[in-house]
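The values are calculated or read from the model by the stated rules, or taken from the named source; none is laboratory data. Predicted model, so just to flag it, every value in this text is computed and none were measured. Don't worry about glycine lacking a Cβ; one is built from the backbone with ideal geometry, like all the others, and counts go over all protein chains shown.
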Amino acid sequence: MGLLCLIGSMLGGCASYQPTPPAFHDVLNEPYHLDSGDRVRVTVFEQDGLTNTYAVDKGGYFSMPLVGTVPARGKTTKQLETLLSQKLRDGFLRDPDITVEVDQYRPFFIMGEVGTGGQYTYVPGMTVQNAVAIAGGYSPRAEQKTVDVTRQVNGNVVTGRVLTSDPILPGDTLFIRERLF
């Protein structure tokens, strides 16, 4: 009787699993939004003193000569270009020509049934499989078909179960579960 209850509760747990909401995958096709831990390369044409790489701090800001503190969290690189142009146009440069690009993405995190869990450098185009390989591969007990991924989606933290071929994003947390049998 106890074994039947155990099997019933395990199957019941599977039945309560909800698929990822559409927004979880839609965010993969949106422009990248900056956040803490990112480093941006700001190039101001013919202004070597302003051209530099800046780290986005824990508050979502970075500090740049002449303009001071710049809010970067949640902005795309194009939005940041527009903001910096406006700030530099306000008494510093007549017609600033600025480009902003991501120099280094914030890390991703991986834990659970992998060789070495922890924080790792994100590379554009990375999949769950790449992340697992970087973390030393699967442990012998690992579930190798699907992974739980937690990410920020429209300001909310959302967890979804994805295939190992799915792409990941900077800041994602991957949890490799233990297989049941």
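General remarks:
- Count of segment 21-47 residues which are of a type in the set (Asp, Glu) and surrounded by 15 or more Cβ atoms within 10 Å (Cβ to Cβ): 2
- The residues of segment 68-81 that are modelled with pLDDT of 95 or more and either exposed (fewer than 14 other Cβ atoms within 10 Å of the Cβ) or among the small types (Gly, Ala, Ser) (or both), listed by number, are 69, 72, 78.
- Condition met for residue 89 (surrounded by 15 or more Cβ atoms within 10 Å (Cβ to Cβ), over 15 Å from the mean Cα position of the chain (by Cα) and not hydrophobic (A, V, I, L, M, F, W, C)): no
- Qualifying residue in segment 48-64 (condition: assigned to a helix (DSSP H, G or I) and surrounded by 14 or more Cβ atoms within 10 Å (Cβ to Cβ)): no
- Residue 128, sole failed condition from (1) under 23 Å from residue 33 (Cα atoms); (2) loosely packed, with under 15 Cβ neighbours inside 10 Å: (2)
- Hey, residue 109 surrounded by 14 or more Cβ atoms within 10 Å (Cβ to Cβ), of a type outside the set (D, E, K, R), touching a residue at least 60 places away in the same chain (Cβ under 8 Å) and out of contact with any Ser or Thr (no Cβ under 8 Å at 6 or more places or on another chain) or not: no
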